[in-house]
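Notes follow the structure.
Just so it is clear, none of the values below were taken in a lab; they were calculated from the coordinates. Values in this document were obtained by computation on a predicted structure and should not be read as measured data. All Cβ positions, even for glycine, are placed from backbone atoms using ideal geometry, and neighbour counts span all protein chains on display.
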Amino acid sequence: MLAAIGAKTVDDLYGDVPKSALNAKIDLPAHKGELEVERMMGAMAAKNRAAGAGPFFVGCGAYKHHVPATVDHIIQRSEFLTSYTPYQPEIAQGTLQYLFEFQTQIAALTGMEVANASMYDGSTACAEAALMARRVTKRGRVVLSGALHPHYAATTRTNVELLGDKVVQLPIDTGATEDLAAAIDGETSCVIVQTPDVFGNVRDLSALAKECQAKGALLVAVVTEIMSLGAVKSPGEMGADIVVGEGQSIGNGLNFGGPYVGFFATREKLIRQTPGRYCGMTVDADGKRGFVLTLSTREQHIRRDKATSNICTNSGLCALAFTVHMTLLGEAGLRRVAMLNHEAACKTADALSSVKGVSVLTKSYFNEFTVRLPKNATGIVEKLAAEGVLAGVPGERLWPHDKDAHDLLIVAATECVTDADIEALRSNLERAL
Amino acid sequence: MTMNKEGRPTRGDAATADVVTFTGNKALQIEESLSFEKDAFASTGVDFPAPSGKHDRLGAMKRAGAIGLPGLSEPEAMRHFVRLSQKNYAIDMGPFPLGSCTMKHNPRLNEKMARLPGFGDVHPLQPESTVQGALELIDTLAHWLMELTGMPAVAMSPKAGAHGELCGMMTIKAALDAKGEGHRTRVLAPESAHGTNPATAAQCGFSVDAIPADETGRVDLAAFRAKLGPDVAAIMVTNPNTCGLFERDIKAIADAVHAVGGYFYCDGANFNAIAGKVRPGDLGVDAMHINLHKTFSTPHGGGGPGSGPVVLSAALAPFAPVPYVVKEGGKYHLVETRRAAKAEGEGTAGGRITAFNGQMGMFVRALAYMLSHGGDGVRQASEDAVLNANYILARLKKEMSPAFAGYCMHEALFNDDFLKDTGVDTLDFAKAMIDEGYHPMTMYFPLVVHGAMLIEPTESESKEELDLFCDALLDLARRAKAGESARFKASPMLSPRRRLDETAAARKPVLRWTPELGARAAE
Amino acid sequence: MTVKYTKDHEWVRLDGAVATIGVSTHAAEQLGDVVFVELPAVGKTFKKGDDMAVVESVKAASDVYAPISGEVVEINQAIVDDPAKVNADPQGAAWFVKLKPSNAAEANELMDEAAYMAFADSH
């Protein structure tokens, strides 16, 4: 091959590299066989406690659900796994059609008119919603609920402050009693509120939506547990302008935080200001129905510095996992599994409220609720972890600098939780206190 | 003899025709409707037990009314998605020479490792004591990335390349603000840059000033120097650049931007040409994202998920976003908030750019790739990628027109001069490749080359595969020159769909299925 | 009623106190099939060179700049509803906006048809 090229050595091809920088010494181990790599990585994996290995009640934006075996088989098919963004629609109809189905599923679940083909995750989708509200309203003040997941709040703050805008963060609100409407002023671009919120409260946003509309701000609803939309009213029905969130619960594993699949849904009239990709329906040269990426003029490869977002790659394969799982569930299966989640949470809450010193703070919840313990929850969670029970997320983990939150424990119970798991949590908690 | 005249014919008839089938199917190509068109709104493919009905605390917040989601049984769903899959081209089927996208083989060991319950089934908010192996993995991958780039720090949480750019430019902004240099608002970027570069700079509140390319396809050094000034925050340069060339003046560019007080952001999209050969840290880079889904072969998955860790110079390291992993007394620990980061003595740390810890699933795959390849294999992969690209360049230049003279790095760039007066344009040429069984190359990018065709073979292709690919492209080029433009204009003719009407899609966007759409289709 | 042109491929026709503005035939051809047009609100004022409208094809997005300063007195809703009109008759029925010029003399600095044709050929 070198002869055909007309070079003597491969290093001739690197002739433009400064001599002093070429072939730098790199201190890394040599290649290894598959068996040895499996051994090394298996050893690392073995040091982690898998969610499925015992009683598990951790949530707060990522949830342990049962994913049908079909999902993993489909997403590992070569034609999905090893394809690229569908820039050549003639040979990417598979990807395009499932994206169209994904968009339809998300729109239906959120109760919105349109949804894009996915974002990186819920938190970045939330930040993008704030940036979009800025473009739509031409205002520069974002109001964040005191029960918005702190990681989402921080991600949004980072992005918004880059452009010099203001962020108003309301104080921690465990009982869904904050007055968000009062925080809206003439400069407010949007109010960002989560439901079910980070403490588990299911929130009625209808009144807030009216206030937002009256004051010219957009209402951004965040859903970190999309499974909830099989049981509770959708933000679209309640009047939200943008609904964003995390789709991990359907089709995707916990993966220690990623990759996940963010979703972004809104009203049709706002579509030109949205970030991300869309798949649209059209016909081919023979008049057959087909799908293409569309409305691309908003995107970075065309608009460059005037693009609505710099996002390029999104979460294609995770969106496929979502679509396959959702297609297996259907509305009937979704409603059923959603109610199983709710029942598990109700039973868990009842069990914990029987433990002396523990009070359940959340009244209306889906599959997650917050309890106040008589002492710092971090130590209790560690104690229970040593007993093989992962009890939930201690407040200190999410609000390390807010002492009032340190005796809070946020507990999630999904369809994976058994009665024996609940009893293990109850009895171990009782002992630990 | 006995004669058995029964049984099947054992030879086909040579005659072929444009067959129109009753079903619309073409043998292995099966048409597939939308799941929403299957009248399955009341069914489900899962078998959970019925809820007891004893617990319901949702009250008025309970969802009423139909949601409108069909449910398919397992065999129905399997067929639905398998049929869809067969309408996709994929690396596992053949060459996927998308320049700058790096479509290399995805080893399945990496998939297997990512599915170990200790990685795939671990929650990001579990107690640290229960995830020491996960933190160790992140720390190990970070070590590999720092060693390969010669940089002292790395931010692991960016979710994709563009997100890494955002992280890097954000870090630069934080460093400037800390120095009281908020007046630096201008970012220089070559005209040939990927669109994410200017979009990212704008998202950070910078203005973008484009630098022209010189006649060799590299940054025009004189034009670059003329644009330097006290308001320059940074330069964003892709190296190797989007023309597939190494920026030979890279050190001079770095020195010049540093001399005026700006930072050097390197877009690492093409790191796969030099990984193991050249350390960006030796070239004066302050920040560079690494697309794990390119250089380290985590699957592209039809458009993500990606992963874009950003290596940082000592000057920028204190401004990295949270979270990050530290090791104290033999235990790994996650620093998760900005205030906690300050307490660690890391200066004014950057904010959080995503929930949780980044693309762990991609980290596992990338580390499996690295351990398998080793330092030596990573270098070999870069060399092979560059060798393959130059081989293609050498063979194709007989009929096609290279955009620039000389060797290339890992991708070969052509312009459309060879199609002049043929009536065939770059798009037609690319679409004709589809009928030959290839995914087209990247086209019309970079913008600085007319009718650009950017071919990146990667190290995954064998010489036999490269030769057939070159033979096919040379044949197409000769046919174009021989006046067969009608064939090109009509192509692709053999794919599951022919050219699609993008104008109609954009004028009246249909972005979801609706019952009305279904009713219209039924008429 | 002479038509003047800008280097950004807009045309202006001064008609008494009203200036009608659109994009040139050359620009419409270069854009390809127009799929989207965004026009400003009536009553909005622009300075010469301000971003005034947006025109998009499938693969390109262009800002339309105000060729002269003035206040928007009328917009052409027909091209918003059916962007294909911009390709069909860019210098006639597919005008974009009508302005009340605040300084009509600005139009004198623009190119006449012959100068624009020469300019467009070289760009």
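Across every pair of non-identical alpha carbons in chain B, the mean reciprocal distance, once inverted, gives a Kirkwood radius of 26.3 Å. Of the three principal axes defined by the Cα atoms of chain C, the extents in descending order read 36, 34, 22 Å.
Which entries in the list B:Lys398/B:Lys463; B:Lys420/B:Lys489; A:Lys383/B:Lys327 go over 20 Å, if you measure between the two C-alpha atoms of each?
Where the Cα-Cα span goes over 20 Å, the pairs concerned are A:Lys383/B:Lys327.
Where both bridge residues fall in the protein assembly as shown, DSSP classifies roughly 70% of the beta bridges as antiparallel.
For the protein assembly as shown, what class follows from the C-alpha gyration tensor (a ≥ b ≥ c being the square roots of its eigenvalues): rounded when a/c is under 1.5, otherwise prolate if a/b is larger than b/c, else oblate? Rounded is the answer for the protein assembly as shown, as its axis ratio a/c remains below 1.5. Relative to the current alpha-carbon distance between B:Val19 and B:Arg487, full extension at 0.36 nm per residue lengthens the span by 166.5 nm. The relative contact order of region C:43-123 comes to 25 percent, based on Cα pairs under 8 Å that sit 6 or more residues apart. Working from label points 7 Å from Cα in the Cα-to-Cβ sense, the B:Glu181 to B:Glu74 distance is 6.2 nm.
Using R0 = 41 Å, the C-beta based FRET efficiency linking B:Ala60 and B:Lys331 works out to 0.30. Could you tell me the calculated FRET efficiency between B:Ala27 and A:Ala24, based on Cβ-Cβ distance and R0 = 60 angstrom, to the nearest 0.05? After rounding to 0.05, the efficiency reads 0.65.
Simple spin-label estimate for A:Ala69 and C:Val42 gives 6.7 nm between the two label positions (7 Å along the Cα-to-Cβ direction from each Cα). The calculated P(r) of region A:366-433, using every Cα pair and 10 Å bins from 0, goes 22, 55, 22, 2 in percent. When you restrict to C-alpha pairs under 8 Å that are six or more residues apart and normalise by the size of chain B, the relative contact order lands at 17 percent.
Among A:Leu334, A:Leu162, A:Leu352, the largest mean-square fluctuation in a Gaussian network model of chain A, built with springs joining Cα atoms closer than 10 Å, belongs to A:Leu162. In this structure, the pairs whose alpha-carbon distance is over 24 Å, taken from A:Lys403/B:Lys173; A:Lys64/B:Lys159; C:Lys7/C:Lys47; B:Lys173/B:Lys227; B:Lys227/B:Lys397; A:Lys233/B:Lys508, are A:Lys403/B:Lys173; B:Lys227/B:Lys397; A:Lys233/B:Lys508.
Working note: 222 nm ellipticity from helices only, DSSP H runs with n ≥ 4, each -39,500 (n - 2.57), summed and divided by the residues of the protein assembly as shown, gives -10000 deg cm²/dmol to the nearest 500. In summary, the helical segments of chain A meeting the span-like criteria, namely a full DSSP H run, a Cα extent along the axis of 30 angstrom or more and a mean Kyte-Doolittle hydropathy of at least -1.0, are A:316-353. Around the amide H of A:Ala285, modelled in the peptide plane, lie the amide H atoms of B:Arg498, B:Arg499, all under 5 Å away and 5 or more residues distant in sequence or on another chain. Between B:Lys508 and C:Gln30, the modelled label-to-label distance comes to 3.1 nm, taking each label 7 Å out from Cα in the direction of the beta carbon. How much of the DSSP beta bridge set in chain B is antiparallel, as a percent to the nearest 5? Percentage antiparallel, nearest 5: 55.
Mean sequence separation of contacting Cα pairs (under 8 Å, at least six apart), scaled by the length of chain A, corresponds to a relative contact order of 21 percent.
Listed by chain and number, the lysines whose C-alpha is less than 18 Å from the C-alpha of B:Lys26, apart from same-chain residues fewer than 8 away, are A:Lys288, B:Lys87. Database remark: amide H of C:Phe36 closer than 5 angstrom to the amide H of C:Glu56 (H placed geometrically; neighbours at sequence offset of 5 or more, or on other chains; Pro and chain starts carry no H). The phi-based Karplus calculation (6.51 cos²θ - 1.76 cosθ + 1.60; θ = phi - 60°) puts the 3J(HN,Hα) values of region B:53-67 at x, 7, 10, 7, 10, 8, x, 5, 8, 5, 6, 9, x, 6, 8 Hz, whole numbers, x for Gly and Pro.
If you rank B:Glu111, B:Glu247 by fewest surrounding Cβ atoms within 10 Å, what's the result?
B:Glu111, B:Glu247
Here the 3J(HN,Hα) profile of region C:76-93, calculated from phi with Karplus coefficients 6.51, -1.76 and 1.60 at θ = phi - 60°, is 9, 4, 4, 7, 6, 6, 9, x, 4, 4, 5, 6, 6, 8, x, 9, x, 4 Hz, Gly and Pro shown as x. Cβ crowding within 10 Å, taken as a proxy for footprinting-reagent exposure, orders A:Thr327, B:Thr337, A:Thr418 from fewest neighbours to most as A:Thr418, B:Thr337, A:Thr327. Ordering B:Lys331, A:Lys363 by the number of other Cβ atoms within 10 Å of each residue's own Cβ, fewest first, gives B:Lys331, A:Lys363. When the Gaussian network model of chain A links Cα atoms closer than 10 Å, the mean-square fluctuations of A:Asp419, A:Asp305, A:Asp12 top out at A:Asp12.
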